[in-house]
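*Asks:* I'd like to ask some things about the structure below.
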Amino acid sequence: MDLLEYQGKQLFGRHGLAVSDGKAVTTVDDAVAAANEIGYPVVVKAQVLIGGRGKAGGVKLAANEAEAREHATNILGLDIKGHIVRTLWIEYASDIATEYYASVLLDRGAKKPLVMFSVEGGVEIETVAEETPEKLIKENVDPLVGLTREQAVDIATRGGADADVIEGVADALVALYEVWIEEDASLAEINPLIVTPDRQVKALDAKVTLDDNAMFRHKENADLGDSANADPIEQKAKEQDVIYVKLDGDIGIMGNGAGLVMSTLDVVAQYGGTPANFLDAGGGSDAAKVKQAIELILANDQVKAVLLNIFGGITRCDEVANGLVAAFGDLNPTVPFVVRLDGTNDVEGRKILEDAALPNVHAATTMDSAAELVVKLAKENS
Ligand code: GDP
Ligand code: MN
C-alpha cells in the first residue's frame, strides 16, 4: 500500500524524524483556515500517489491568506499525470539551505535492506543514479543487526554531507531505517531531506510503501492509503479478500492461483486480446467465492467477454461450476463466457454446466483454445 506524503510524514514523526506540522484538508476554505492557523509562509501540497508534483504545479508556497486561497483553488482538482488532487497538505514552509536524498528499500538481489543517500536531493534520483552514480551511496544493511549509528555516520560522510550535519543526517537515516523495519515498509524515501539555514535536518517529502502482507500486524495503519482515488472495484475486492487488479483491456479473467492467472493473461495477449483485469480467486474457491469474483469482473463495464481458467487442485471444478450457475442466476450476464475446467472433478463440473445450459457459456478443455475463443468472442461483442 502506497501512502500519501502526509501519511508517510506522520509515520516519520512517530519514529523521531523531523517533519513540519501541518494539516490535511479537502476544501479551499479548510485549506485557508489551516494556513491561517499554522501561520505564514505555508506550503500548499497536492496529495497524490505520484512523484513530480512540484514540477506539475502541485506544490506552492503561500506568503499570505490570498495566496493560500489562490493555490488551494488551483491545486484542488488538478490532474497530475492522471491523479486527481482531492486532498491538500498544508504545512509551515521551511527555509532550505541544502536538499539531500535518503531512502531505505529491499535489495532483492542481495536479500538485504538497502540504504541509499545522496547530496543531490530534490531531483529525480534515477537521474542521479544514471548520470552521476558516484554521488549516490548505496549500502546494504545486515538485517539481523540493523543500521548501526557508525554505519549511518559512514554513509553520510562518504556521501559528502556537510561536516556540521553528519550527525543530523545519521540520525535521520537511523530513524528512516526504523520506520522501514518497524512499520513493515518495502520503501521509505525522503526527497528532499533538507538542511535548514539553522542546520536542522528535516524530511520535506515522504514516499512510503507498506507491505500489504504485513498489514495484519499494523491495524493502526489499515485506513491509510489513497482511498479517495482508489479504483472502486479494487477497493471492493480488497474488502472481500480477492486479489483483483484492474487493467485496461476488455477481457475479464479469472483463475485460481497467481501463476495460472498470469499465464492466462499472457496467452490471451498472445492471441491478440487485452485483459480487463487480473483476478486470482485463490486455492479452494467455493461457489460463493466464484460468484463474488464474477460479480467483480462484471462490475467493469469495459468487459466484453470473460475467461474462467480453472485448474482444479484444492479447488474443485464442480464447486466452480456451481458458483458460475449461481452467479448467472443472480447477475444475468450479457457478455459471453469461456470456461476451461481441468483437474479435480472436472468431468462433474462440465456436466453441471451442460445441464444448466447457461446462455452464451462456452466450454473449453485447453488454455490455448479457451484464450483463442474468448478473444474472438470479445471482438464480436465490441
Ligand atoms: P515532489 O515534486 O512530488 O517530489 O514534491 P516535494 O514535496 O518534494 O516538493 C517539491 C519541491 O518543492 C521540493 O524539492 C522543494 O524544492 C519545494 N518545497 C517543498 N516544500 C517546501 C518548503 O517548505 N519550503 C520551500 N522553500 N520549498 C519547498
Ligand atoms: Mn519530492
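*Asks:* Counting residues that are within 14 Å of ligand 1 (Cβ to nearest atom), which helices (runs of 4 or more DSSP H) fully inside the range 101-210 reach at least 1? Show your work before the answer.
*Replies:* On the way: elements: 125-131, 149-159, 166-182.
Output list reads 125-131.
*Asks:* Among residues belonging to the range 182-197 that are in contact (Cβ under 8 Å) with a residue 40 or more places away in the chain and open to solvent by 20 Å² or more (accessible area, probe 1.4 Å), point out the one that is farthest from A222 (Cα to Cα). Steps first, answer last, please.
*Replies:* Filtering the range 182-197 for residues in contact (Cβ under 8 Å) with a residue 40 or more places away in the chain gives 182-183, 185-197.
After this cut, where a residue has to be open to solvent by 20 Å² or more (accessible area, probe 1.4 Å) as well, the list is 182, 186-187, 189, 191, 197.
Numbers: E182: 15, S186: 16, L187: 17, E189: 20, N191: 25, P197: 37 Å.
Restricting to residues being in contact (Cβ under 8 Å) with a residue 40 or more places away in the chain and open to solvent by 20 Å² or more (accessible area, probe 1.4 Å), the top hit is P197.
*Asks:* Within the range 266-298, can you find the residues that are on the phi > 0 side of the Ramachandran plot and over 23 Å from the mean Cα position of the chain (by Cα)?
*Replies:* Listed by number, the residues that qualify are G272, G284.
*Asks:* Given the structure, is G225 free of Cβ contacts under 8 Å to residues at least 60 places away in the same chain, buried (at least 16 other Cβ atoms within 10 Å of the Cβ) and on the phi > 0 side of the Ramachandran plot? Give the steps one after another, and end with the answer.
*Replies:* Details: free of Cβ contacts under 8 Å to residues at least 60 places away in the same chain: no; buried (at least 16 other Cβ atoms within 10 Å of the Cβ): yes; on the phi > 0 side of the Ramachandran plot: yes.
For G225, the condition - free of Cβ contacts under 8 Å to residues at least 60 places away in the same chain, buried (at least 16 other Cβ atoms within 10 Å of the Cβ) and on the phi > 0 side of the Ramachandran plot - is not met.
*Asks:* Out of the range 273-297, which residues are closer than 16 Å to L331 by Cβ, open to solvent by 20 Å² or more (accessible area, probe 1.4 Å) and among the hydrophobic types (A, V, I, L, M, F, W, C)?
*Replies:* Listed by number, the residues that qualify are A287, A288.
*Asks:* So which of G122, G160, G109, G82 ends up being open to solvent by 10 Å² or more (accessible area, probe 1.4 Å) and in contact with an Asp or Glu (Cβ under 6 Å, 6 or more places away or on another chain)? If you could, list the steps in order and put the result at the bottom.
*Replies:* On the way: G160 fails: in contact with an Asp or Glu (Cβ under 6 Å, 6 or more places away or on another chain); G109 fails: in contact with an Asp or Glu (Cβ under 6 Å, 6 or more places away or on another chain); G82 fails: in contact with an Asp or Glu (Cβ under 6 Å, 6 or more places away or on another chain).
Exactly one residue qualifies, and that residue is G122.
*Asks:* State yes or no: is G349 in contact with a Leu (Cβ under 6 Å, 6 or more places away or on another chain), more than 25 Å from Y271 (Cα to Cα) and assigned by TED's automatic domain parsing to the domain that holds G257? Show your work before the answer.
*Replies:* On the way: in contact with a Leu (Cβ under 6 Å, 6 or more places away or on another chain): yes; more than 25 Å from Y271 (Cα to Cα): yes; assigned by TED's automatic domain parsing to the domain that holds G257: yes.
Spelling it out, G349 is indeed in contact with a Leu (Cβ under 6 Å, 6 or more places away or on another chain), more than 25 Å from Y271 (Cα to Cα) and assigned by TED's automatic domain parsing to the domain that holds G257.
*Asks:* Same structure again: Suppose we keep only residues that are open to solvent by 10 Å² or more (accessible area, probe 1.4 Å) and away from ligand 1 (no atom under 12 Å from the Cβ) within the range 85-100. Which one would you say is nearest to Y177 (Cα to Cα)?
*Replies:* So, considering only residues that are open to solvent by 10 Å² or more (accessible area, probe 1.4 Å) and away from ligand 1 (no atom under 12 Å from the Cβ), the one nearest to Y177 (Cα to Cα) is T87.
*Asks:* Out of (1) open to solvent by 10 Å² or more (accessible area, probe 1.4 Å); (2) more than 30 Å from the chain's Cα centre (by Cα); (3) farther than 23 Å from I90 by Cα, what's the single condition that is false for V165?
*Replies:* (1) is the only condition that V165 fails.
*Asks:* Pairs, please: C-beta under 7 Å, at least 6 apart or cross-chain, first residue free of Cβ contacts under 8 Å to residues at least 40 places away in the same chain and in the range 85-103, second assigned to a loop (DSSP other than H, G, I, E, B) and among the aliphatic types (A, V, I, L, M)?
*Replies:* Close Cβ pairs (under 7 Å, with a partner that is assigned to a loop (DSSP other than H, G, I, E, B) and among the aliphatic types (A, V, I, L, M)) amount to V85/V48; V85/L76; V85/L78.
*Asks:* List the pairs whose first member sits in the range 352-375 and is of a type outside the set (F, W, Y), whose second member is open to solvent by 80 Å² or more (accessible area, probe 1.4 Å) and in a helix (DSSP H, G or I), and whose Cβ atoms are under 8 Å apart, counting only residues at least 6 apart or on separate chains?
*Replies:* Close Cβ pairs (under 8 Å, with a partner that is open to solvent by 80 Å² or more (accessible area, probe 1.4 Å) and in a helix (DSSP H, G or I)) amount to A363/E354; A371/Q270.
*Asks:* While we're looking at this one, here's another question. Residue check, V165 against (1) more than 16 Å from ligand 2 (Cβ to nearest atom); (2) in contact with a helix residue (DSSP H, G or I) (Cβ under 6 Å, 6 or more places away or on another chain), all met but one. Which one?
*Replies:* It fails just one condition, (2).
*Asks:* I've got another one for you. Just wondering, is there one or more residues in the range 347-365 that are touching a Gly at 6+ places or on another chain (Cβ under 6 Å) and either open to solvent by less than 40 Å² (accessible area, probe 1.4 Å) or not hydroxyl-bearing (S, T, Y) (or both)? Steps first, please.
*Replies:* Initially, the range 347-365 is screened for residues touching a Gly at 6+ places or on another chain (Cβ under 6 Å), giving none.
Checked the range 347-365: no residue is touching a Gly at 6+ places or on another chain (Cβ under 6 Å) and either open to solvent by less than 40 Å² (accessible area, probe 1.4 Å) or not hydroxyl-bearing (S, T, Y) (or both).
*Asks:* So, in the range 229-258, of the ones that are in a helix (DSSP H, G or I) and in contact with a strand residue (DSSP E or B) (Cβ under 9 Å, 6 or more places away or on another chain), which residue ends up surrounded by the most Cβ atoms within 10 Å (Cβ to Cβ)? Give the steps one after another, and end with the answer.
*Replies:* Step one: of the range 229-258, the residues in a helix (DSSP H, G or I) are 229, 232-239, 258.
Within this subset, residues satisfying the condition of being in contact with a strand residue (DSSP E or B) (Cβ under 9 Å, 6 or more places away or on another chain) are 229, 233-234, 236-238, 258.
Numbers: N229: 16, I233: 19, E234: 16, K236: 16, A237: 23, K238: 16, A258: 12.
Taking the candidates together, the pick is A237.
*Asks:* Of the numbered conditions (1) modelled with pLDDT under 90; (2) surrounded by fewer than 19 Cβ atoms within 10 Å (Cβ to Cβ), K219 satisfies every one except a single condition; which is it?
*Replies:* Just one mismatch for K219, condition (1).
The values are calculated or read from the model by the stated rules, or taken from the named source; none is laboratory data. The structure presented is a predicted model; accordingly, all values stated were derived computationally and were not measured. Note that we place each Cβ from the backbone using ideal geometry, even for glycine, and neighbour counts take in every protein chain shown. Note: accessible area is taken over every heavy atom of the protein model, side chains too, but ligands, DNA and RNA are not part of it. Shrake-Rupley method; radii C 1.70, N 1.55, O 1.52, S 1.80 Å.
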